[in-house]
Each structure stands twice: as structure tokens, then as C-alpha cells.
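Derivation of every value follows stated rules applied to the coordinates shown; laboratory data play no part. This structure is a prediction, so every number in the text was calculated from the model and none was measured. Cβ coordinates were reconstructed from backbone atoms using ideal geometry, including for glycine residues, and neighbour counts include every protein chain displayed.
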Amino acid sequence: MRVIESGVGELIQPPDLDGFREWNRQKSRALVDKLMTEQEAVSRFVYDGCYLGTELYGTVRCPMSLVHEIIRQGKKDLRLAGQGVTELDMLLAAGLVKTLDITYIGLEVYGTSRGLRKAVESGQVEKVVEWSNGGITWRFKAASMGVPFIPVRAMLGTDTFKYSAAKVVECPFTGIKVCLIPALILDVGLIHVHRADRYGNAQIEGISGFAFEMSRACKRLIISAEEIVDTEEIRRYPDRTIIPYYLVDAVVHAPFGSHPGEMVYLYERDEEQLREWYECSQTDEGIQAYLNKYVYSVPDHNAYLDVVGRERLAALKAAAEGR
Amino acid sequence: MMSELPYNPTELLICIAARQMPDGVTAFIGTGIPMLAASLAQRMHAPNLVPVFEFGGTGAQLKKLPRAVGESRTFYRGVCASGICDIMETAARGFVDYGFLGGAQIDPYGNLNSTVIGPQHHPPKVRLPGSGGANDVGSFCWKTIIIMRQDTRRFVPRVDFVTTAGYLSGPGAREEAGLPPGTGPYRVVTNLALLGFDEETKWMKLLATNPGVTVDDVIANTGFELIIPAEVGQNEPPSAEELRLLREEIDPERFYI
């Protein structure tokens, strides 16, 4: 297959497929209790320089309790692969990111992310590799298929391609040009779900974003869940399980784990606090003040929820959209 | 000029964008004005418009305005709640008719920049959010409609970075790059005018001006030479019913308008 054009972006972690198979071979198939706190999950599985990914987008189903804990523990030099937004914006603002596989980081209705601008324009983020949303998701899909790349017909002809690590080749079957999207195997993935059992079987309501693909493209996977359910509940509705337990390394019980983001059918997003973050994130002092108030000065997620206020949380719950 | 009118520029943009959405088609909807336009179109003339949201929502009834492309309102009373691969692959197979896009810069061939301002990619002068789903939408949808404010900083001879493919360097360039044939930018809806692309040259062309806007205003706010046809249409102002729906039903909290 002839390579016609190569993106100049760096392939931040070339996929080692056989290594991934060996890794998965040694992962336990036993039903073991993986329930632990954010503190334990992050200190055991997230490390300086690790290649980290989060799932879903904007203010929706964000693994915020885990991200708060990463900031609290000061895990740094992170290599991030994102969609995600609220949580990535916060990691950027906290100055913990070294390289970025980027698709979109912005605050939708609120506008651009100052955290992204400052970290990237100053060169603090050393490498930025461009992808489309489809592109980065297909990278996870390739990893989940156990293959080194997937041919797609997006990104062609653009600078998004040029500054990616993709390649354009002539298809050996049809002769058309296709863009090869390289597999992406994460060191650590964070996914917030509606419910899970203590072994890690996880279920999501509503759209599933790219949870299916990303959960299968991680060496370590930390699940945070609004609710911990009995395995019997999972066994009654196995058709709802998106992530089976053997993919999972840690299960964290995190009610309101997406706050100030939202959780479909459970609670509405917290507009007031999102605005507070947006305004604080415009200055270095503001970021410090926000992080002091909601992260550094509180020991854990439960204490964070106390700071936010239980009444306010109840109101967000009451405001959730029905079906 | 606009402040004396009984509607604001955003309301006008939404109304003109909504009128571009026919009934019974699938349309890829992004954050902001496209959401309001789709919701207005569903209530006005296109009850069978099928909104498609990139993170998995298909066929939502847009009773309440989504504020994020992944939120529950993007599949409220929809027909399917799947995931991003399904949606992008559906577009790749040719099932999505229209796509709505914005950007910081646009050039005469409809190429869009939402990645960086300035000549250098990294570190850039100004970092913008990035492609998101825009590149996929611009690659796969049959007809792309771009919604932007129009001035000479945004309508430029060359975009600093081609985030999303328009007609690239001109006729045949999309196909040469490997993009699916028959796709590309269709309309540009701005605060000043409705624009299209010349069939032969793929160069941007003025189609109609907005109320109170002259052809010269449009020319003065475009950083490249536009094709000005002998006959230029006039867009109707928002109707009383369009404004009522927008203000009372679609965005009563004035989130956007």
C-alpha cells in the first residue's frame, strides 16, 4: 500500500498491539471487588506522564470526581486524548498537561477555553496533535478491534489531517484515497456511568458517546458510578451493560460524580457553578480560588458535595428531564 | 441600524438558517444557532426534520433547547440514542443530508478554520477549540450550511488553517483529496446576507441580502471578491410567528437570543 501523504503530528504512543494482547492476557478474569475511593483509584492507577483519556463531552457525564482527585494529587505531565471538555479544561487550567491529542476543547455556549489558550499558546503544552471527533473515536475503535489502524474518509485534504499523525494511502481494493487513523491505546481511561456493580460491570443510560470503544482501548480503566448495584441487577439486564467487568480496574461510587456537569435522567447541569468556573478560569488567581474552594481544601468527593450544598444538589435532581 | 429593528441580529440569523432546512431531511446539528434553527424549522415548516447530534442522538423532538451536543435534550423523544461511531458512520454512508457549521474564518471556497489564528500551528498566536465534529460533518454531509458573522476578519482570502474542507483549492479538489463526491458547502448564512457557491468555479456567490443591507455593505464586509450576480434576492425579515416561537417557546430563558 503506497503512502501518499503523512500528517506531521507525532504519534504520541505508537500502538503496541501484541503488547496490548499480552497485557490483556494477564488481566484477571476473576470477579473481584474493585470498589474503592477516588483517592485510592487515582493513586494506584494514574501516574505522572501517563496517557489519559476521558469519555463523553461538554458538560455531560464528565468524570469530575476523578478529575478533581487527579488535581488534588497533582498528577502532572499528563498526555491527554480528549473529547471531554469540562474535565479537560480544568486539567489544562491546573497546568497538568504536557501533550494533547485534541479534537475540541471549548465551553460550547460560554465560548473558548482560556485554559487551553494559555497552556497551548505559551508552549506549556509541548505537543498538540489534531484530530476530528470521528477521528479520535475511530482511533479507540481500531484499538478495540486489535488492529493498527482504520481507513476512513474524513480529515482528507485539510490541515486537520496535516497536523495529525494519520496517513493517506491508495486503497488496495478500490483505488480511492483513504485516511488511515492509527489505533490509540490509553494507559488510563476514566468513564463515568449511571450504575455499576462492585466488579465493574457498567451500564449507561441515554447516548453512549464513545464509552464502548474507549473502554476497550485502555490498559487501565477507572469507572465512577452514580449508583453501585448488586450483580443480580446486572445479570437481569445484561443487554444494558456496555462495559464488562474484566475491562475495569477500579470502581468508584460517585453520586453527582459529573457535577457541575449533568447526568442524563438523573440531574441537570449546574448552570450557576459552570458560570462560576468559566468566570474564575479567566485569570490565574480565579483558577486558584476555584480549585482552593472545590478541590484542594476538601478531602474527597463527599466533602465537595457538602461545599456545593445538598439542597442545591436536590434541586438539580428535581430539575432533571424525564423521558 | 439593527437596534431599531423589532428583532436582533441573532434572531435574524436563526430565522434565515431555519428556512434553509427542508422537511423530511436528516440534518447534523451543532451547538448554538443550528439548534435554535432546527427547533424553529420543526415548528414552522419542517415537522419531519430529523436532527442528528454527533454523540448519538437521532430524531429528537426539540421541545427544549439543547445547550450541549451530548445532553439529554439531543435525544428527547428521539428514535435512537446510540453513540458517536454510529452517527459519524451513518454520515459516512451518505445518510445525512445537511450539516451545519460555524468557524472563525472562511475563505472563498468555503474552507473553514476553527483551530488556530496566525501562520504557525504550534505554539500558535491564538488557539481556538479545534475541529470537534466539524471536519467529519464537512467531509460527509451532502450539503453543508455555514452560519457566521460576516466581516473582513472572518471572510478572508485564505484561512490560516483548514480545519474543515470546503471546496479546498477549487473545482475537483475535494474529489482529488479523496472526499466523497457530490458533497461540500451549499450555503453561508450571515448577519448580512445569504451566500452560495458558483456551480462551475465553486467560488462564493451572493444570493440575497438581509433586510436593510445593501450589496455594497456585503462587499465591504468581505475580504475577497464575491461573485455578484445580476439579480440579488432579498431575505424576508423574521415574521411575527417566527419571533414569537423563538422568544416564547424555543429560548424563553434567552440563553442564545
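Below is a table of values for the structure above.
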| read-out | value |
| --- | --- |
| Using θ = phi - 60° and Karplus 6.51 cos²θ - 1.76 cosθ + 1.60, couplings along the range A:95-107 (whole Hz; Gly, Pro as x) | x, 9, 10, 9, 10, 9, 8, 10, 10, 8, 10, x, 10 |
| Gaussian network model of chain B, Cα within-10 Å springs - most flexible of B:Met44, B:Met35, B:Met148 | B:Met44 |
| Chain B: most fluctuating residue of B:Pro119, B:Pro171, B:Pro47 per GNM, C-alpha cutoff 10 Å | B:Pro119 |
| Note, ³J(HN,Hα) from phi for the range A:310-319, Karplus 6.51, -1.76, 1.60, rounded to Hz, x at Gly and Pro | 5, 5, 4, 5, 4, 5, 5, 5, 5, 7 |
| Total formal charge among the other residues, if their Cβ is under 9 angstrom from that of A:Lys162, Lys/Arg +1 and Asp/Glu -1 | -3 |
| Computed over the range A:187-260, Cα set: Rg, Dmax in Å | 11.1, 32 |
| Peptide A:223-231 - average C-beta neighbours from other chains (10 Å radius) | 0 |
| Straight-distance crosslink candidates among lysines, where the alpha carbon sits under 20 Å from A:Lys177 and sequence neighbours closer than 8 are dropped | A:Lys162, A:Lys167 |
| Among beta bridges that DSSP assigns inside the protein assembly as shown, antiparallel share in %, nearest 5 | 40 percent |
| Packing rank of B:172-181, A:13-22, B:69-78, where each peptide gets the mean count of other beta carbons within 10 Å, highest leading | B:69-78, B:172-181, A:13-22 |
| Estimated translational D of chain A in µm²/s (Stokes, Kirkwood radius over Cα pairs; 20 °C; 1.002 mPa s) | 106 µm²/s |
| Nonlocal amide H pairs with A:Leu80, under 5 Å, H built at 1.01 Å | A:Leu52, A:Lys98, A:Thr99, A:Leu100, A:Asp101 |
| Estimated [θ] at 222 nm from DSSP helical runs (n ≥ 4, -39500 (n - 2.57)) normalised by residues in the protein assembly as shown, nearest 500 | -7500 deg cm²/dmol |
| For A:His192, distant residues with modelled amide H under 5 Å away | A:Glu55, A:Ser224 |
| Overall Cα dimensions of the range A:38-111, principal axis frame, Å, largest first | 35, 22, 18 |
| Residue of A:Gly95, A:Gly58, A:Gly175 that the Gaussian network model of chain A assigns the largest fluctuation, springs spanning Cα pairs under 10 Å | A:Gly175 |
| Within-10-Å neighbourhood charge of A:His68 [Cβ basis; K, R +1; D, E -1] | -3 |
| For A:Leu107, residues with placed amide H under 5 Å, excluding near neighbours | A:Thr112, A:Ser113 |
| In order through the range A:188-203: 3J(HN,Hα) via Karplus (6.51 cos²θ - 1.76 cosθ + 1.60), integer Hz, x for Gly, Pro | 9, x, 10, 9, 9, 10, 6, 8, 8, 8, 6, 8, x, 5, 10, 10 |
| Cleavage-rule hits (trypsin sites (Lys or Arg not before Pro)) in the range B:175-254: DSSP loop, at most 16 neighbouring Cβ within 10 angstrom | B:Arg254 |
| Cα extents of the protein assembly as shown along the three principal axes, largest first (Å) | 75, 59, 48 |
| Fraction of alpha-carbon pairs over 33 Å apart in chain B - percent | 16 percent |
